[in-house]
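**Student:** Provided herewith is a single structure, encoded as structure tokens, for subsequent inquiry.
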Amino acid sequence: MKKLFITDLDHTFLQSSQSVSQFSQEVWNEKANHALLSVATARSYSKTVQFLKNLQLNVPLILLDGAMVADPEKKLIDLNILNKEIGDAIIEESHKFDISPYVISLKNHKTLDESFYIPPKLNYYQERLIKDSYIDDKRLEYVQKISGEKDTLKLVYMGEESVLRPLAEHLAKVFGNNIEIKLAPENYMQCYFLTILHPLSDKAHALEKVLEYLNVDANDTTVFGDGLNDIGMFKLAGNAVAVNNALEAVKKEANVVLEESNDEDAVAKYLHRTIKSVG
């Protein structure tokens with residue numbers, strides 16, 4: 001039985017330029033013949049396959065912080081969504097803090113196409129994200145009034161911690177266990193992300209689905225990460241590996257802390273050292 005290796009993308013496998021180095025690409029494609037390699041990311045299906053277009057993919061992907069698990073051929077394995085009613089209620093509460101989210105929803109269950117709804121009023125960080133990373137993204141839809149959608153995958157807020165932490169605490173009081181709340185620093189943008197998802201939308205739950213699908217034991221699984229949303233996977237997997245640039249809270253949960261950062265091909269070098277070629 002091949003062992004399973006699952007890596008986060010941003011700040012872990014991807015370089016800070018949000019690209020895959022030639023070295024990482026070559027190592028991945030060689031080691032994919034001898035082990036099960038996949039990713040667990042906050043990114044959508046379309047963005048993930050765009051980043052990994054030159055990599056051999058044959059294992060289910062954990063997407064959107066665990067809201068979706070799908071194989072490379074777009075077969076849905078697991079999906080957890082927020083309905084329109086709770087999405088609308090969350091957005092209404094956030095207006096009390098003078099901030100609106102992006103709303104990312106599943107547009108088509110067969111193609112896994114998403115809609116990325118943009119509110120009419122954006123703060124500095126939201127505008128910068130669109131300009132830097134999404135300006136030509138065909139999923140973008142600017143709306144006059146932001147609202148929940150039928151198949152909402154997640155609501156995403158960006159801003160200063162001083163704004164988003166009180167909002168997160170407020171939403172936790174109002175909605176309790178009906179939602180999953182993730183508040184974490186974003187190093188690229190030097191701000192915070194607040195992500196609201198279905199309560200079962202987390203990487204640990206999604207990893208359980210992948211293990212069940214592949215019939216692989218958690219003890220035969222290695223996961224890589226840098227951020228707070230990786231900690232659940234770290235606790236579940238037999239081997240948890242933090243890159244050198246990971247948050248300190250993540251390093252404390254790791255079995256291994258690498259000397260290399262994401263910009264030094266940390267994951268690929270570990271795969272190169274660890275996965276032995278057969279034959």
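**Student:** Provide the FRET efficiency to the nearest 0.05 for the residue 135-residue 1 pair, computing r from the beta carbons and using R0 = 45 Å.
**Tutor:** Efficiency, from the Cβ-Cβ distance: 0.50.
**Student:** Which trypsin sites (Lys or Arg not before Pro) from segment 206-279 combine a DSSP loop assignment with at most 11 other Cβ atoms within 10 Å?
**Tutor:** Filter output for segment 206-279: 276.
**Student:** What ranking of 138, 74 comes out by heavy-atom accessible area, probe 1.4 Å, highest first?
**Tutor:** 138, 74
**Student:** Pull up the cross-link candidates among the lysines for residue 269, meaning alpha carbon to alpha carbon under 22 Å and not fewer than 8 places away within one chain.
**Tutor:** 2, 3, 31, 53, 251, 252
**Student:** Out of the total accessible area of the chain (probe 1.4 Å, heavy atoms of protein only), what percent is carbon and sulfur?
**Tutor:** Looking at the chain in its full context, I get 47 percent from C and S.
**Student:** Next question. Is the shape of segment 101-249 rounded, prolate or oblate, going by the alpha carbon gyration tensor and its root eigenvalues a ≥ b ≥ c, with a/c under 1.5 for rounded and a/b larger than b/c for prolate?
**Tutor:** Judged from the Cα gyration tensor, segment 101-249 comes out prolate (a/c at least 1.5, a/b above b/c).
**Student:** Simple spin-label model, 7 Å along Cα-to-Cβ: residue 147 to residue 92 in nm?
**Tutor:** In this crude label model, residue 147 to residue 92 measures out at 1.2 nm.
**Student:** If you don't mind, there's one more thing I want to ask. Can you give me the Kirkwood hydrodynamic radius for segment 77-129, using every pair of distinct Cα atoms, in Å to one decimal?
**Tutor:** Mean inverse Cα-Cα distance, inverted, gives 12.8 Å.
**Student:** Can you work out the FRET efficiency for the pair residue 217 and residue 19, with r the C-beta to C-beta distance and R0 = 22 Å, to the nearest 0.05?
**Tutor:** The calculated FRET efficiency here is 0.10.
**Student:** Let me ask another. What accessible area per residue comes out for segment 63-139, rounded to a whole number of Å², with a 1.4 Å probe?
**Tutor:** Normalised by residue count, the accessible surface of segment 63-139 is 49 Å².
**Student:** What percent do you get for the relative contact order of segment 28-154 when only Cα pairs under 8 Å and 6+ apart count?
**Tutor:** That works out to 24 percent.
**Student:** Largest first and to the nearest Å, give the Cα extent of segment 171-214 along each principal axis.
**Tutor:** For segment 171-214, the Cα spread along each principal axis is 37, 30, 9 Å.
**Student:** Then there's this: Where the only charges are on Cβ atoms (+1 Lys, Arg; -1 Asp, Glu), what is the dipole of the chain about its Cα centre, to the nearest 20 debye?
**Tutor:** The dipole of the chain has a size of about 460 debye.
**Student:** Taking Cα centroids, how far is segment 227-247 from segment 140-203 in Å?
**Tutor:** Here the answer is 21 Å between Cα centres.
**Student:** For the chain, what is the calculated [θ] at 222 nm in deg cm²/dmol (nearest 500), taking -39500 (n - 2.57) for each run of four or more DSSP H residues and dividing by its residue count?
**Tutor:** Here the helix-only value at 222 nm equals -8000 deg cm²/dmol.
**Student:** Under a plain spin-label model, where a point goes 7 Å from the Cα along Cα-to-Cβ, how far apart in nm are residue 50 and residue 73?
**Tutor:** Distance between label points: 2.5 nm.
**Student:** Using the Cβ atoms and a cut-off under 13 Å, what net charge is assigned to the surroundings of residue 22, where Lys and Arg are +1 and Asp and Glu are -1?
**Tutor:** After counting each charged neighbour, the total is -3.
**Student:** Could you list, bin by bin from short to long, the percent of Cα-Cα pairs of segment 1-100 in 10 Å steps?
**Tutor:** Each 10 Å bin holds this share of Cα pairs: 14, 39, 26, 14, 7, 0.
**Student:** Would you work out the charge dipole size for segment 151-279 about its Cα centre, treating the Cβ of every Lys and Arg as +1 and the Cβ of every Asp and Glu as -1, and quote it to the nearest 20 debye?
**Tutor:** 220 debye
**Student:** On average over all directions, what projected area in square nanometres does the chain have, based on the convex hull of its Cα atoms?
**Tutor:** For the chain, the mean projected area of the Cα convex hull comes to 13.8 nm².
The values are calculated or read from the model by the stated rules, or taken from the named source; none is laboratory data. Since the structure is predicted, the reported quantities are computational estimates derived from the model, not experimental observations. Cβ atoms come from the backbone with ideal geometry, glycine included; neighbour counts cover every protein chain shown. With ligands, DNA and RNA removed, areas are computed over all heavy atoms of the protein, side chains included. Shrake-Rupley method; radii C 1.70, N 1.55, O 1.52, S 1.80 Å.
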